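Scroll down for the structure; my scribbles are underneath it.
The values are calculated or read from the model by the stated rules, or taken from the named source; none is laboratory data. The structure presented is a predicted model; accordingly, all values stated were derived computationally and were not measured. In this analysis, Cβ positions are derived from the backbone assuming ideal geometry, glycine residues included, and neighbour counts consider all displayed protein chains. Only protein heavy atoms, including side chains, enter the accessible area calculation; ligands, DNA and RNA are left aside. Shrake-Rupley method; radii C 1.70, N 1.55, O 1.52, S 1.80 Å.
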Amino acid sequence: MRVVVLAMLLSLNSCVPGLNGQMVATEGTLAVSKDAKVNVTRLDLASAEDPEAMSVFIGDVNPDGTFSVTLDADEGEYLVEAVVPGYAVSSQKIALVDQKSVTLQLIPVGKPNASMIGTNMDADVGVGSGGATLTPPSL
(Lines give C-alpha, C1' and ligand atoms only; values in the text may rest on other atoms or scores of the structure.)
Protein backbone atom coordinates (compact mmCIF):
# COMPACT_ATOMS: atom_id res chain seq x y z
CA MET A 1 0.00 0.00 0.00
CA ARG A 2 2.83 2.40 0.85
CA VAL A 3 4.50 1.71 -2.49
CA VAL A 4 1.30 2.61 -4.36
CA VAL A 5 0.92 5.89 -2.42
CA LEU A 6 4.58 6.74 -2.99
CA ALA A 7 4.28 6.03 -6.73
CA MET A 8 1.18 8.25 -6.95
CA LEU A 9 2.92 11.11 -5.17
CA LEU A 10 5.95 10.84 -7.42
CA SER A 11 3.80 10.84 -10.56
CA LEU A 12 1.89 13.92 -9.36
CA ASN A 13 5.13 15.70 -8.55
CA SER A 14 6.48 15.01 -12.03
CA CYS A 15 3.43 16.75 -13.59
CA VAL A 16 4.19 20.07 -11.87
CA PRO A 17 6.14 22.25 -14.29
CA GLY A 18 9.41 23.60 -13.09
CA LEU A 19 12.12 25.92 -14.27
CA ASN A 20 15.80 25.79 -13.44
CA GLY A 21 18.75 27.82 -14.48
CA GLN A 22 22.09 29.43 -13.85
CA MET A 23 23.19 33.01 -13.27
CA VAL A 24 26.53 34.15 -14.64
CA ALA A 25 28.35 37.44 -14.14
CA THR A 26 29.71 39.42 -17.07
CA GLU A 27 32.82 40.37 -15.13
CA GLY A 28 34.61 38.13 -12.66
CA THR A 29 32.95 35.73 -10.29
CA LEU A 30 29.31 35.88 -9.27
CA ALA A 31 28.77 36.96 -5.67
CA VAL A 32 25.33 35.69 -4.64
CA SER A 33 23.96 36.66 -1.26
CA LYS A 34 21.16 34.97 0.66
CA ASP A 35 18.83 37.80 -0.47
CA ALA A 36 19.07 36.81 -4.15
CA LYS A 37 15.74 35.73 -5.67
CA VAL A 38 14.28 34.65 -8.99
CA ASN A 39 10.79 35.89 -9.87
CA VAL A 40 8.77 34.06 -12.53
CA THR A 41 5.58 35.76 -13.81
CA ARG A 42 3.02 34.36 -16.27
CA LEU A 43 2.58 36.67 -19.26
CA ASP A 44 0.10 35.03 -21.63
CA LEU A 45 -3.07 35.24 -19.51
CA ALA A 46 -5.20 38.28 -18.87
CA SER A 47 -5.82 38.92 -15.17
CA ALA A 48 -9.59 38.78 -15.69
CA GLU A 49 -9.42 35.20 -17.00
CA ASP A 50 -7.73 33.62 -14.01
CA PRO A 51 -6.31 35.77 -11.19
CA GLU A 52 -4.54 32.75 -9.66
CA ALA A 53 -2.59 32.11 -12.87
CA MET A 54 -1.14 35.63 -12.71
CA SER A 55 0.80 34.72 -9.58
CA VAL A 56 4.47 35.49 -9.28
CA PHE A 57 6.52 32.43 -8.36
CA ILE A 58 9.62 33.18 -6.30
CA GLY A 59 12.64 30.91 -6.06
CA ASP A 60 15.80 31.02 -4.00
CA VAL A 61 19.25 31.17 -5.54
CA ASN A 62 22.06 28.83 -4.46
CA PRO A 63 25.50 30.29 -3.62
CA ASP A 64 26.86 29.00 -6.95
CA GLY A 65 24.19 30.95 -8.91
CA THR A 66 21.93 28.01 -9.77
CA PHE A 67 18.20 28.15 -9.08
CA SER A 68 15.07 26.04 -9.39
CA VAL A 69 11.47 27.27 -9.28
CA THR A 70 8.40 25.03 -9.05
CA LEU A 71 5.49 26.54 -10.96
CA ASP A 72 1.94 25.74 -9.90
CA ALA A 73 0.67 26.69 -13.36
CA ASP A 74 0.40 25.35 -16.87
CA GLU A 75 2.93 25.64 -19.62
CA GLY A 76 2.92 29.05 -21.26
CA GLU A 77 4.83 32.29 -21.64
CA TYR A 78 6.72 33.57 -18.60
CA LEU A 79 9.05 36.40 -17.60
CA VAL A 80 12.03 35.25 -15.52
CA GLU A 81 13.75 37.97 -13.47
CA ALA A 82 16.89 37.64 -11.36
CA VAL A 83 17.06 40.06 -8.43
CA VAL A 84 20.54 39.92 -6.88
CA PRO A 85 21.90 42.67 -4.59
CA GLY A 86 24.88 44.38 -6.24
CA TYR A 87 23.72 43.51 -9.77
CA ALA A 88 21.29 45.08 -12.24
CA VAL A 89 18.00 43.18 -12.59
CA SER A 90 18.28 40.66 -15.41
CA SER A 91 15.20 39.30 -17.18
CA GLN A 92 14.34 36.95 -19.98
CA LYS A 93 11.01 36.03 -21.62
CA ILE A 94 10.56 32.30 -22.21
CA ALA A 95 7.95 29.83 -23.43
CA LEU A 96 7.86 27.09 -20.80
CA VAL A 97 6.75 24.51 -23.36
CA ASP A 98 10.00 24.92 -25.32
CA GLN A 99 12.42 25.82 -22.57
CA LYS A 100 12.78 24.44 -19.04
CA SER A 101 16.20 25.95 -18.35
CA VAL A 102 17.47 29.52 -18.56
CA THR A 103 20.81 31.31 -18.18
CA LEU A 104 20.68 34.88 -16.92
CA GLN A 105 23.65 37.19 -17.33
CA LEU A 106 24.15 39.64 -14.45
CA ILE A 107 25.92 42.99 -14.75
CA PRO A 108 27.41 44.42 -11.56
CA VAL A 109 26.26 47.88 -10.59
CA GLY A 110 29.09 50.05 -9.36
CA LYS A 111 29.34 51.17 -5.78
CA PRO A 112 27.98 54.65 -5.13
CA ASN A 113 30.69 57.29 -5.15
CA ALA A 114 29.97 59.89 -2.46
CA SER A 115 32.02 63.03 -2.22
CA MET A 116 31.89 66.25 -0.24
CA ILE A 117 31.22 69.37 -2.27
CA GLY A 118 32.82 71.79 0.16
CA THR A 119 32.47 73.60 3.45
CA ASN A 120 32.85 77.19 4.54
CA MET A 121 35.69 76.85 7.03
CA ASP A 122 36.88 80.47 6.70
CA ALA A 123 33.67 82.17 7.86
CA ASP A 124 33.79 84.78 10.61
CA VAL A 125 32.50 83.63 13.97
CA GLY A 126 28.94 84.85 14.52
CA VAL A 127 28.37 85.71 10.85
CA GLY A 128 26.08 83.51 8.76
CA SER A 129 25.61 83.11 5.06
CA GLY A 130 25.00 86.40 3.32
CA GLY A 131 26.57 88.37 6.17
CA ALA A 132 23.71 87.86 8.67
CA THR A 133 24.69 88.17 12.33
CA LEU A 134 24.08 85.02 14.29
CA THR A 135 23.07 85.34 17.91
CA PRO A 136 22.58 82.17 19.95
CA PRO A 137 19.35 81.99 21.94
CA SER A 138 19.51 82.87 25.60
CA LEU A 139 18.05 80.47 28.11
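Amide H of residue 25 versus every other amide H placed in the peptide plane: which residues, excluding those fewer than 5 positions away on the same chain, fall under 5 Å?
30, 106
Go through the range 34-42 residue by residue and turn each phi into a ³J(HN,Hα) via Karplus (6.51, -1.76, 1.60, θ = phi - 60°); whole Hz please, and just put x for glycine and proline.
Running phi through 6.51 cos²θ - 1.76 cosθ + 1.60 with θ = phi - 60° gives 5, 8, 5, 9, 10, 9, 10, 10, 6 Hz.
Which lysines, if any, have their Cα less than 22 Å from the Cα of residue 111, not counting same-chain residues under 8 positions apart?
Straight-distance partners of residue 111: 34, 37.
How would 111, 93 rank on accessible area, largest to smallest, probe 1.4 Å?
111, 93
First measure r as the distance between the Cβ atoms of residue 34 and residue 74, then evaluate 1/(1 + (r/R0)^6) with R0 = 25 Å and state the FRET efficiency to the nearest 0.05.
0.20
Return the long-range amide H neighbours of residue 71 (sequence gap of 5 or more, or a different chain), with a cut-off of under 5 Å between placed amide H atoms.
18, 19
Just subtract the alpha-carbon distance of residue 133 and residue 97 from 0.36 nm times their residue separation and send over the number in nm, one decimal.
Additional length available on full extension: 5.4 nm.
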